[in-house]
Structures are given as C-alpha cells and as structure tokens.
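For reference, the structure discussed in these notes is given below.
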Amino acid sequence: MPTAALDKGDTAWVLICSAFVLLMTMPGLALFYGGMVRQRNVLSTLLQSLAALCIISLQWVLFGYSLAFGPDKGGLIGGLEWAGLRGVGPGPSSYAPTIPHQAFMLFQMMFAVITPALITGAFAERKKFSTFLVFILVWATVVYDPLAHWVWGVGGWLRNLGALDFAGGTVVHISSGISALAAALVIGKRKGYGHQPMPPHNLPFTVMGASLLWFGWFGFNAGSALAANGLAAHAFMTTNTATAAAALGWMFTEWSSRGKPTVLGAASGAVAGLVAITPAAGYVTPMAAIVIGAVAGIICYSACNLKSKLGYDDSLDVVGVHGVGGTWGALATGVFATKLVNDAGGDGLLYGNPKQLGIQLLAVVVTWVLGFVMTTVILKVLDGIMGLRVTDEEEAAGLDLSQHSETAYTLGGASAYSDARTGH
C-alpha cells in the first residue's frame, strides 16, 4: 500500500490512544490494585504492574506481535515473519490502512501489557516475584498471543466465524479473569484469609486508580476504531455511558443489601462497567450501553460476594469484575449489536440474528478453556521448578520487605530502600 494512504489525524489519534492505554497500567491499574492491598504489600503490587509493562513491551517487539498479528498459520497463530518488527514499518497495513503499521503495533502492545497485569490482583500478597516474572512472559506467549490471533488476527478462526470483540472482552478481560481463577486455586489462600481482617490500606489510591482507568479506557475503546471518526466518538460515548450506569448499579445494589454505599464499591462498579462495554462499545446503541452497564454493576457485585461462599481467595476480585464482567459483555454484544451502529460488525439477537449470540457464547467458552487450562499448566510447571509462593515468614513480613527490601511509608528514619542501597 502507498504511504500516501496515511491520514495524519488518524495517526495522531491512535498514538494518543496508545498513551492512554499505557496510562491504564501505569499508574492506573497499579494504584487501583495498590490501594486495595495491605500496607506491607503496596510496593510489590505497584512493581508487578511496572514489570508487566517492561517485560511485555520487549516480548511484543521481539516476537509477541508477530505471533498475534503476523501472517496466519492455519487460523491458530501468526508466523514469525514479523519477529523483531521486520516488515512492520512506517507504512500502512491490512489492519489499519490509514495509520502506520508501527502505530497499530504500538496500540496493540498496550493491550498485551495490561492483560497479564490484570491477573496479578488474584495472587496479590503471596507470590514470589521471580516466579511472577517468568509467569507473565510465558502466559503472554501461550495464552494472550494465540487468543489475540484467533479473535483479531487476519485469518484467525474466531474472527472468520464472525465473533465480535470491539476492544478486548474476550482477548483481555475474560482471558485474564479466568486465568485469575486458575491462579487463585493453584496458589491457594493468603495466610489468615477468612479469619483475619484484610482491609484496603489506602482507598484514595484505589479511587485515583479507578479514575485513571476510566480516563485511559477511552483510548482502549474509542481508539479501537483505529481512526478519528464517528465510530470512535460513538465508542467513547457508549464507554462513558455504560461505566456511569455500572457504578450506580453496583452502588445501589450494595446500598440495598448492606445498608450503606461505599466508595470502594462505586469505584469497582465503574471498572466493571468499563469491562462489560469493552467488546460492545463499537457495536451497540446508547440505550443498550445503559443496560449493559447497569447489569454489569449488579452481577459483578454479586459475583464478588460469592467468592467467600465458594472458598477461593481472589485477593482483588479479578474473577468477579473481569471474568464475570467480560463474559456478560461478550454475550451482551451478541444480544444488542446492530449494523445500524457499525455495518462492519453484525446484528445480534434483538436485531434478528440469534446466531450471533451462539458465536459469542462459543468465543466465551473457548476463552475460558484456553485461559484456565493453560494457566493451570504454567503454574504447576513453575511451582515444580521455582516455587510459586513466598514462605510463611516472608508473607507475614510482607512482600515489600521480603521480596524487595523496601517499605512504602517510613516515618522518622531512613527508608529500607536507602538501607539496601548503601548497606547502612
């Protein structure tokens, strides 16, 4: 394709949205998760998001992008023809003809970064950092990259079936949510879980993080139009609409069941709405966005409260928010999608095409199976080689000290960081 096809406005928009999505991981997700853990684990939680940004950025350039979006191999994986970004240059591509191929690659990189970072909330406060680094590299390679190719890659088998995922309901949220469930089950509960109080140590951090996620999500969803056009504006609007409805849905459900609304609940509800509208943002009407968001707030609140009855320790509710919210959003896309919004999409159940709901259900089940099985296998292998958990003593001391020799808050003396650096 000639470079003359490039559009400066589209290119600027996608590059800005790439920065928005980076902001979702650092500092958005880092603060959102960091505020919810106990004080002795906040730095380790922040570092997990930062490490994911660094590791997956390099993996994506070296071979991840090629596996996810490279020339198709049987509908299952991309080839390595684009490894090291060979052939991924300043000209356009078949994925987005009006922006540089490198701009599309960078935008997709930020999706690849945040997805494994989301899983960290399930095993917060107890996983060895060295094992975590290996885990996210392997997980991105054998779960995220193939799934991204199936759903979004040219020739991917779910894409060819007509599965709709505008900005990552299956690829990002269901995959991370179901992998979080596998991680919580394999790694086990935190010491004292269910017997000792484990309240968030800094809810203002969490609210700031949720706010940054909301802000960055406009890049996530509206940027997925891959152009500065009416579809981007529509996805921006449905994203904001569903998020507001979900925050209220969660808040009023909590209010009616517990007697008082909480700021943690409202922030969590907002994130649930962002998750649920992600696959549908460019395919559904504003009224459908309200329904998708409100239902997400209600069911994700219920799912997060169900974990104590089921007995697993998903520390920061990744399963309840991302797994359940992503599943609802993917299925809702099959119900509410309409070509009146996006003629490149499809009509859903309410617009005379029940087949679309079946395709969405298939994509959901496939993602569940891939994420759960592969995550379980990866963790079992790593447990045998490196061990997954810190010792009981290290967990009691907190991961900030035991894994990193640091403390987040130091009053009236030298910090553990300065002690570690200087030896004094």
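The values are calculated or read from the model by the stated rules, or taken from the named source; none is laboratory data. Here the structure is a predicted model, which is why all the values come from computation and not from measurement. Using ideal geometry, Cβ is built from the backbone for each residue, glycine included, and neighbour counts are taken over all protein chains shown. Remember, those area values only see protein heavy atoms, side chains included, never the ligands or the DNA or RNA. Shrake-Rupley method; radii C 1.70, N 1.55, O 1.52, S 1.80 Å.
Return the aspartates and glutamates within reach of Lys355: Cα separation strictly under 14 angstrom, same-chain partners fewer than 8 residues apart disregarded; answer none if there are no such residues. Answer for Lys355, where 14 Å is the Cα cut-off: Asp347, listed by chain and number. Among complete DSSP H helices in the chain, those whose alpha-carbon atoms stretch at least 30 Å along the helix's long axis and whose mean Kyte-Doolittle hydropathy reaches -0.5 are 230-258, 286-310, 354-385. Length gained on full extension, Leu340 to Leu310, computed as 0.36 nm times the residue gap minus the Cα-Cα distance: 6.6 nm. Largest to smallest in accessible area, the residues Arg190, Arg86 fall in the order Arg86, Arg190 (1.4 Å probe, all protein chains included).
Taking R0 as 35 Å, what FRET efficiency do you get between Lys73 and Ala19 from their Cβ-Cβ distance, rounded to the nearest 0.05?
Numbers: r = 32 Å, r/R0 = 0.91.
The pair Lys73/Ala19 has a calculated efficiency of 0.65.
Take the solvent-accessible surface of the protein heavy atoms, probe 1.4 Å, and return the percent of it on the range 98-248 that carbon and sulfur atoms account for.
69 percent
Pairs spanning more than 30 Å between alpha-carbon atoms, out of Lys307/Lys339; Lys189/Lys260; Lys260/Lys339; Lys8/Lys339; Lys127/Lys309: Lys307/Lys339; Lys260/Lys339.
Projecting the Cα positions of Pro100, Ala83, Leu62 onto the charge dipole of the range 8-111 (unit charges on Cβ atoms of Lys, Arg, Asp and Glu, taken about the Cα centre) puts Leu62 furthest along the positive direction.
When the square roots of the Cα gyration tensor eigenvalues are ordered a ≥ b ≥ c, the ratio a/c for the range 234-291 is 1.5 or more and a/b exceeds b/c, which makes its shape prolate. Since only Gly74, Val14, Asn41 are under comparison, the one whose Cα sits farthest along the positive direction of the charge dipole of the range 1-99, derived from C-beta charges on Lys, Arg, Asp and Glu, is Asn41. Taking 0.36 nm per residue of separation and subtracting the Cα-Cα distance, full extension of the segment from Ser405 to Tyr351 would add 13.7 nm. Inter-label distance, His195 to Asn160: 5.5 nm, where each label sits 7 Å from its Cα along the C-beta direction. Accessible surface computed residue by residue for the chain, with neighbouring protein chains in place and a 1.4 Å probe, gives 38 Å² per residue. Legend: residues His195, His173, sorted from most to least accessible area (1.4 Å probe; ligands, DNA and RNA excluded), read His195, His173. Stretching Met386 away from Leu133 to a fully extended chain increases their span by 89.9 nm, per 0.36 nm per residue minus the current alpha-carbon distance.
With +1 on the Cβ of every Lys and Arg and -1 on the Cβ of every Asp and Glu, and nothing else charged, how large is the dipole of the chain about its Cα centre, in debye rounded to the nearest 20?
Numbers: 21 positive and 21 negative charges, 89 e Å.
The dipole magnitude comes to about 420 debye.
Each residue was assigned an accessible area with a 1.4 Å probe, and for Arg258 the value is about 150 Å². Farthest toward the positive end of the dipole of the chain, out of Ile385, Thr141, Pro261, is the Cα of Pro261, where the dipole comes from beta carbon charges about the Cα centre.
Rounded if a/c is under 1.5, else prolate if a/b beats b/c, else oblate: with a ≥ b ≥ c from the C-alpha gyration tensor eigenvalues square-rooted, which is the range 70-144? Taking the square roots of the gyration eigenvalues as a ≥ b ≥ c, the range 70-144 is prolate. About its Cα centre, the dipole of the range 1-93 is roughly 400 debye, where the only charges are +1 on Lys and Arg Cβ and -1 on Asp and Glu Cβ.
Suppose R0 equals 30 Å. What FRET efficiency, 1/(1 + (r/R0)^6) with r the Cβ-Cβ distance, do Leu361 and Val142 give to the nearest 0.05?
0.80
Mean residue ellipticity at 222 nm, helices only, the chain: -19500 deg cm²/dmol; runs of at least 4 DSSP H residues each add -39,500 (n - 2.57), and the sum is divided by the number of residues. Taking square-rooted eigenvalues a ≥ b ≥ c of the alpha carbon gyration tensor, is the range 109-242 rounded, prolate or oblate, where a/c under 1.5 means rounded and, failing that, a/b exceeding b/c means prolate? Oblate.
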